[in-house]
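Q: Encoded as structure tokens, here's the structure I'll be asking about.
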Amino acid sequence: MTDLLLSQDTTETSIEEENMVWVTNSIGESEALKQWDFLNDHDSTEEIARHLHPVDYIHFRIASKRNSIFLRSLSRILASTRTTATTYLSPWLISIFEDNEKIICNIVDPMHNNDKYLLKLSDQLVAGATIRFSKDGWLLLSNGKKTVFCYNPFTRGMIFLPDVPDNYALGGMSFSSVPTSRDCVVIAISNWWELTGNNEISFLVTKLGKSATGWTIYRFNYEEYSLEYNFMPCVNNPVFYNGAFYCLDYNGMLGVFNMKGDFSWKVLSKSLKQFGGFYPSYLVECDDKLLLVNLGHCGKSVDIYRLDDSEMVWVKLNSLGKHALFISNTSSFSAVAPRSCMENNIYFPRLYGGRILYYSLDTRRYHCVGSDQHTSQDFHNTKERSNSTWIEPYWSQASISQNSGDI
């Protein structure tokens, strides 16, 4: 298996880290290396390295010849541990594409001013796959109409799910916990009305582990709710929150698919008509609260709401405080901003000149990471990255079988 981790920002100098390659900029390199001269003993170097994220570990190891001698290669460390000591504080924007019959993960890191990496994959099933969801470093992918599987691009772990039943089209998908957990539940929304004309919404459910023999289908009729219009699920993913999957429709209705006891589906009537029109909306959990981000046409307005759990209604927010949001149709995350300049920002899977676009709730305008030159009131001149999602880089070495029946 040949993997390639390559920084795209620079072209001057390349240094190989066994199966990984990082390209660095030679400008100011000698001065930067001198800054590491204070690390004259093995113990201090190892203590610092022990707390670094894998990518930062690579950078640290090749910062000086002394470090490269003292420190083991990353692949040997990952082979001897089940997980890394730390997790990343900022999600990455990842997309999958094919280039000259090679399968490539393109990664952009907003925390480090748009550092860009290419991760070469050898798993052919990933070729042509569609990203459906992301959580805990795992992707939920579909290939064709029936094949669905979980995939970790960092460890190459793969877990197959049962084939999708005939006559069901996949909509928003999600899973409840890390796929290596026996408690992980995967759901897919299928709007039955779109296929048959019946006023129904269907949930396809499977549980990973030895009991994953197929999908259980739960169908609910819209007429039970006496709504003025049918629940029309957004293309974005449901969010697992307080033991249930929360789903959003285009008009602000919130539906709850509860898995406790008998599986049930409930549309919260008080959440109706918060906003109108077919503009994007996203659900994201932040600080143990469920938030909704609603965009206007071409992103000209950005509004944030918090779900009041007691009244089950949306309450408008004006600030995220020290948090940042990372939203997309496939997965949305929140994080305590690892850098002060990231606080109170909403990051999108959009690029302007190769840089990630974000919306500042302080300036009420769009900007791009690492540059002060771009500012705008909407998505003008930006491009959404196709087949992409936010992902939490997480190197887990948990034992994984190649099928969902034995984890």
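The values are calculated or read from the model by the stated rules, or taken from the named source; none is laboratory data. Every value quoted in this text rests on a predicted model; they were computed, and no experiment measured them. We place every Cβ from the backbone using ideal geometry, glycine too, and count neighbours over all the protein chains shown. Side chains are part of the model used for accessible areas, which takes the heavy atoms of the whole protein and leaves out ligands, DNA and RNA. Shrake-Rupley method; radii C 1.70, N 1.55, O 1.52, S 1.80 Å.
Q: Can you name every residue in region 278-293 that is modelled with pLDDT of 90 or more and of a type outside the set (K, R)?
A: Y282, L283, V284, E285, C286, D287, D288, L290, L291, L292, V293
Q: Among the residues of region 136-163, which ones are open to solvent by 40 Å² or more (accessible area, probe 1.4 Å), within 18 Å of S176 (Cα to Cα) and not in a loop (DSSP other than H, G, I, E, B)?
A: Answer for region 136-163, where residues must be open to solvent by 40 Å² or more (accessible area, probe 1.4 Å), within 18 Å of S176 (Cα to Cα) and not in a loop (DSSP other than H, G, I, E, B): just F160.
Q: Does F275 satisfy being part of a loop (DSSP other than H, G, I, E, B) and either modelled with pLDDT of 90 or more or crowded, with 16+ Cβ neighbours inside 10 Å (or both)?
A: It is true that F275 is part of a loop (DSSP other than H, G, I, E, B) and either modelled with pLDDT of 90 or more or crowded, with 16+ Cβ neighbours inside 10 Å (or both).
Q: Checking S176 against (1) more than 14 Å from the chain's Cα centre (by Cα); (2) open to solvent by 10 Å² or more (accessible area, probe 1.4 Å), which single condition isn't satisfied?
A: (1)
Q: Let me ask something else about it. With the structure loaded, tell me whether S95 is part of a loop (DSSP other than H, G, I, E, B), under 13 Å from the mean Cα position of the chain (by Cα), at pLDDT 80 or above and closer than 30 Å to S371 by Cα or whether it fails that test.
A: No; evaluated as a whole, the condition is false for this residue.
Residues are listed down the side, and each one gets a yes or a no for (1) surrounded by fewer than 18 Cβ atoms within 10 Å (Cβ to Cβ); (2) modelled with pLDDT of 95 or more:
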site	(1), (2)
L325	no, yes
A337	no, no
S360	yes, yes
R365	yes, yes
D378	yes, no
R385	no, no
T389	no, yes
Q402	yes, no
G405	yes, no
